[in-house]
Amino acid sequence: MSLDVSRANDQAVARVRELLNKDPKAALSEAEEVLEQTPHHLELLFLKGVAHHRIAEYQQALVTFEQVLKTNDAITEAHFQLALSQASLKLMGPAVASLRRVISLEPLHRSAWRVLSEILSIEGDFDAASEAQLRHIEASASNPKLREAGAAMIRNDIPRAERLLKSYLKAVPTDVAAMRMLAEVAVRVGRDSDAEKLLSRCLSLAPKFSGARYNYAVLMHRMNKPAEALAQVEALLLEDPEKPSYRNLIAVILSRIGEYERSSDYYESLVDDYPDNPKIWLSYAHVLKTEGKRSECEAAYRRAIALQPNFGEAFWSLANLKTFRFEEDDINTMRQSVLDAGTELNSRVQFHFALGKAAEDAGDHEQCFEHYSQGNELHASTLNYSAEKNTRRMLRMKSSFTREFFDQRASLGCPDPSPIFIVGMPRAGSTLLEQILSSHSKVEGTTELPDIVTLARELRERSDEKEIGSYDNVLASLNASELAELGETYLARTKIHRKTEKPFFIDKMPNNFLHIALIAVTLPNAKIIDARRHPLACCFSNFKQYFAQGQSFSYSLSDMGSFYRDYVELMAHYDRGLPGKVHRVIYEEMVADTETQIRRMLDHCGLDFEPECLRFFENDRPVRTASSEQVRQPIYSDAIAQWKPFEVHLNPLKEALGSVLETYPSAPSFDR
C-alpha cells in the first residue's frame, strides 16, 4: 500500500470516528465508501459495525463484527460490540459467550462485566450476576485499596477483603462504593443483617446509587422481607421502567407474595422481549402453573425445552406436574442428556428424577427406583446434611421447651387468633388440608410462608452458640412485651401475603413443626394442625421429589427415616407439653372418612362446617407446591399404597424409622 493510500485511510478513520458521535448515519456512509476501495481495512470495518449498532441496525452490526473477528479473533472490542449487538437482538446465550471471550482477553474489562451482570440478572441468576457486578466494581475502582479488596474477594480471600475495606472506610467513611463492597463481604459470610445496614447507609448517602439499591432489593428478597424488596425494585422501575433485570426481579418478588397475575404480566412482557431465553420461559411457566393455567404452563415449559434441549429443570418441572405423562421422544432426549458428559450436574440430577417419574408411570418399578436412587445420590453429594445434628437439635428442643416452660408463658405473646399453621413432613398432605380449609368462607389460603423460620434464624443470630436450633436460650430470656412483639412482627411481615379481609389465614410451611415452641409463646391463640402420613408412603414420596431448595434430609432413605423419627418424637413431646394445642390429621383417615375428619379439623379451628370444604377441588385459588395439580381433583386413595411396589428397596428407611413404623399412627415410647 502506498504512503498516500495509507494516509488517506488514516484520515478516513479519523473522520468516521468524529462522525460516530455526531451523525452515525453519515459515519456509516463514509465508512462504506472507503471500504469499497479497501474492503479488508479492519478498523474501518469495525467502525462500520459500530455505526450500524448506533442506528439500531443490530443484525447488520452483528454480521460486520463477525467479519472482523473472522480475520482477527483477538480484537477485544470487536467481541464486546458483537455482544452488545447480540443482546440487542435478544440472543442472550451468544451474548454471554461473547462477553466471556472479552473477559478472557481482558479480565478487567469493566463494561463487559457490567453487561454480563445485567444479562445474568435478566435470567434470574442473581448469584452469578452479583459476582459479575463485583468484578465490574473491581475493574472500575480507581483507588488501589479498593482494587486490592476486589481482587481478594474474587480469590474468595474474604478475611483480607474485609480487613482492607474496613480500614479504608475508617479513613473515608462515606465512600459508598466501599460500603457496597463490604455489604457483599457480609452476604458471603452469612451476616445478612450487617449487609442490610451497610446498604441502607449507602442509599441514605447516595439515593440515586441504583446499583446499591438493586443489591438491597435482592438482599431483602433473600432475607424474606418481600415488602421491603418490592419497595426498592419499584423505586428502580420508576427510574428505568424498561430495564429487564428490574422487571425480572419484580416478577420474582410478586410471585413470592402471591401477586401471580402481576407477576405473570411481567414475565409475559419479558418473554415477548426475550423469546429465545429458556430461563425466562421456565419462570413464566412456574407462575402459570401456580395460576392453574395447565395448557399454557405446559406450552411454556415446552418452549424452554425447545430452546435448550438439555434443560433438566424444564423436564423435571413437567414431571412435577404429577398428572403429566412424557412422550417417547421426551424419554429418549432425557436418556441421552443423562449420558452426555457436557450436562451440568444439577440438570443431570433433575433428568434422573424426571426419568424416574416416567418409568413409574410406565410401571417399570426397577428402572424407576434406579433413576430416583441415582438422582438422590448425585444431589446428596452436593449437600452437607447431618442426621446426627438434626437429632441433637430435636433433643435440645425437648430439653429446653418443657411443660414448665410453656406454663410460665401461658398468658404471654400476641393474642391475635388469625394464623392457622399446618405443619409436618413435606409430602404428607398439607396442601390438601390447606385447600380444604381455604374453601371455608372465613379462611384465606396463602402458601408456605418463610416468616417463622426467619424469626427463628434472627433469634439464633442473637445467640452465642452456632449449633442449629440454638435459639432456645434467647427465646427463654424474652419478657412479655418482647414475646408479644415477635408475634406482632410475624403478623406484620405476613400481611403482604394476605389478599382478603377474611379473619383467618393459613401458613403451611411444613418445617414449622421445628418451631412449635416459638409459635406457642408468641402467638398463643394461633391454631396448629399436624399433617401426618404413613411413614413409608410419606418418606418414599419425598425420595421421589426434587425440591427447588431445602429439605436436605430427603435425598437419602436412611436420613429421611431418621428425620421422620425425630419429627414424631418432637411432636409427641409437644403433645405432652402443650396438651390439646396441636390437632393431628392422619392422611389415610382423611381419605377413608373425609367429612368426619374435615369436621374435626374445623372444630379445632373454631369454625362451623361449610359444604364448600367438601368440594375443595372446585376452589380455583393459586397453589404453588408440588401437589398443585392433585388438589384440583377429588380425594383419591391411589397415593396410599404407591410405595408398596418398591418395598424391597426400602430396608434402610425401615431400619431408620424403627418403632415409629411399627406403632403408626400412634407414637412409640421414646427412651432417650
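The values are calculated or read from the model by the stated rules, or taken from the named source; none is laboratory data. Since this is a predicted model, take the numbers as computed values, not measurements. Please note: Cβ atoms are built from the backbone with ideal geometry, for glycine as well, and neighbour counts cover all protein chains shown. The area values use the complete protein model at the heavy-atom level, side chains included, leaving out ligands, DNA and RNA. Shrake-Rupley method; radii C 1.70, N 1.55, O 1.52, S 1.80 Å.
Observations on the structure shown:
- A Cβ distance below 8 Å, combined with a sequence gap of six or more or placement on separate chains, defines the contacts here; from the stretch 583-603, residues that are without any contact (Cβ under 8 Å) to a residue 60 or more places away in the chain and under 24 Å from ALA572 (Cβ atoms) reach residues that are open to solvent by less than 80 Å² (accessible area, probe 1.4 Å) and among the aromatic types (Phe, Trp, Tyr) in the pairs VAL591/TYR636.
- For the stretch 306-329, a residue qualifies if it is over 21 Å from ASP361 (Cα atoms) and touching an Asp or Glu at 6+ places or on another chain (Cβ under 9 Å), and the qualifying residues are LEU307, ASN310.
- Of the helices (runs of 4 or more DSSP H) entirely within the stretch 296-401, those holding at least 2 residues that are more than 30 Å from VAL568 (Cβ to Cβ) and more than 25 Å from the chain's Cα centre (by Cα) occupy 328-339, 345-361, 365-380.
- Where a residue in the stretch 223-234 is at positive phi and its partner, wherever it lies, is open to solvent by 10 Å² or more (accessible area, probe 1.4 Å) and outside any helix (DSSP H, G or I), with Cβ under 9 Å and at least six apart: ASN224/PRO450
- Residue tally, condition of a type in the set (D, E, K, R) and either open to solvent by 70 Å² or more (accessible area, probe 1.4 Å) or touching a Lys or Arg at 6+ places or on another chain (Cβ under 9 Å) (or both), over the stretch 379-398: 4
- Filtered residues of the stretch 275-290 (kept if part of a loop (DSSP other than H, G, I, E, B) and either free of Cβ contacts under 8 Å to residues at least 40 places away in the same chain or crowded, with 21+ Cβ neighbours inside 10 Å (or both)): ASN277
- Number of the exception - SER85 against (1) surrounded by fewer than 21 Cβ atoms within 10 Å (Cβ to Cβ); (2) under 27 Å from ASN277 (Cα atoms); (3) among the small types (Gly, Ala, Ser): (1)
- Only a single criterion out of (1) of a type outside the set (Val, Ile, Thr); (2) open to solvent by 40 Å² or more (accessible area, probe 1.4 Å); (3) outside any helix (DSSP H, G or I) is not satisfied by ALA227, namely (3).
- Helices (runs of 4 or more DSSP H) (entirely within the stretch 5-72) containing at least 1 residues that are on the phi > 0 side of the Ramachandran plot, touching a helix residue (DSSP H, G or I) at 6+ places or on another chain (Cβ under 8 Å) and not hydroxyl-bearing (Ser, Thr, Tyr): none
- Cross-chain or 6+ apart pairs with Cβ under 9 Å, the stretch 92-115 first and at negative phi, then part of a loop (DSSP other than H, G, I, E, B) and of a type in the set (S, T, N, Q): MET92/ASN277; GLY93/ASN277; GLY93/GLN308
- Test: residue in the stretch 435-452 that is surrounded by fewer than 21 Cβ atoms within 10 Å (Cβ to Cβ), outside any loop (DSSP other than H, G, I, E, B), among the polar types (S, T, N, Q) and over 23 Å from the mean Cα position of the chain (by Cα): no
- Selection of the stretch 419-458 for residues being out of contact with any Ser or Thr (no Cβ under 8 Å at 6 or more places or on another chain), farther than 26 Å from GLY469 by Cα and small (Gly, Ala, Ser) yields SER438, SER439, SER441.
- Of the residues making up the stretch 44-65, one or more are of a type in the set (Asp, Glu), more than 21 Å from LEU134 (Cα to Cα) and either at pLDDT 90 or above or open to solvent by 60 Å² or more (accessible area, probe 1.4 Å) (or both).
- Considering the stretch 149-161, and only residues there that are among the aliphatic types (A, V, I, L, M) and surrounded by fewer than 18 Cβ atoms within 10 Å (Cβ to Cβ), the residue that is farthest from TYR216 (Cα to Cα) turns out to be ALA151.
- Looking across the stretch 162-181, the residues that are crowded, with 20+ Cβ neighbours inside 10 Å and in contact with a Cys (Cβ under 6 Å, 6 or more places away or on another chain) come down to MET179, ARG180.
- Matching residues, the stretch 638-654, being assigned to a helix (DSSP H, G or I) and either farther than 16 Å from TYR567 by Cα or modelled with pLDDT under 95 (or both): ASP638, ALA639, ILE640, ALA641, LYS644, PRO645, PHE646, GLU647, VAL648, HIS649, ASN651, PRO652
- Checking each residue in the stretch 185-199 for being buried (at least 22 other Cβ atoms within 10 Å of the Cβ) and either farther than 14 Å from ALA161 by Cβ or aromatic (Phe, Trp, Tyr) (or both) picks out only LEU199.
- Looking across the stretch 295-328 at every residue that is surrounded by fewer than 19 Cβ atoms within 10 Å (Cβ to Cβ) and touching a Phe, Trp or Tyr at 6+ places or on another chain (Cβ under 8 Å), the one that is farthest from GLY356 (Cα to Cα) is identified as LEU307.
- Here SER121, SER130, SER117 are screened, and the one residue that is open to solvent by less than 20 Å² (accessible area, probe 1.4 Å), hydroxyl-bearing (Ser, Thr, Tyr) and modelled with pLDDT under 85 is SER121.
- Residue match in the stretch 364-378 (condition: of a type outside the set (Lys, Arg), more than 30 Å from CYS613 (Cβ to Cβ), open to solvent by 60 Å² or more (accessible area, probe 1.4 Å) and in contact (Cβ under 8 Å) with a residue 60 or more places away in the chain): yes
- Residues of the stretch 497-532 that turn out to be open to solvent by 20 Å² or more (accessible area, probe 1.4 Å) and either assigned to a strand (DSSP E or B) or of a type outside the set (S, T, N, Q) (or both), as a count: 9
- When every residue of the stretch 346-354 is checked against the conditions, at least one turns out to be without any contact (Cβ under 8 Å) to a residue 40 or more places away in the chain and either open to solvent by 50 Å² or more (accessible area, probe 1.4 Å) or of a type in the set (D, E, K, R) (or both).
- In the stretch 125-219, counting only helices (runs of 4 or more DSSP H) that sit wholly within it, the ones holding 1 or more residues that are more than 29 Å from ALA235 (Cα to Cα) and in contact with a helix residue (DSSP H, G or I) (Cβ under 8 Å, 6 or more places away or on another chain) span 144-154, 158-171.
- Residue pairs whose Cβ atoms lie under 8 Å apart, sitting 6 or more positions apart in sequence or on different chains, and linking a residue in the stretch 537-556 that is more than 17 Å from PHE369 (Cβ to Cβ) to a partner that is in a helix (DSSP H, G or I) and aliphatic (A, V, I, L, M), are PHE553/ALA387; PHE553/MET560.
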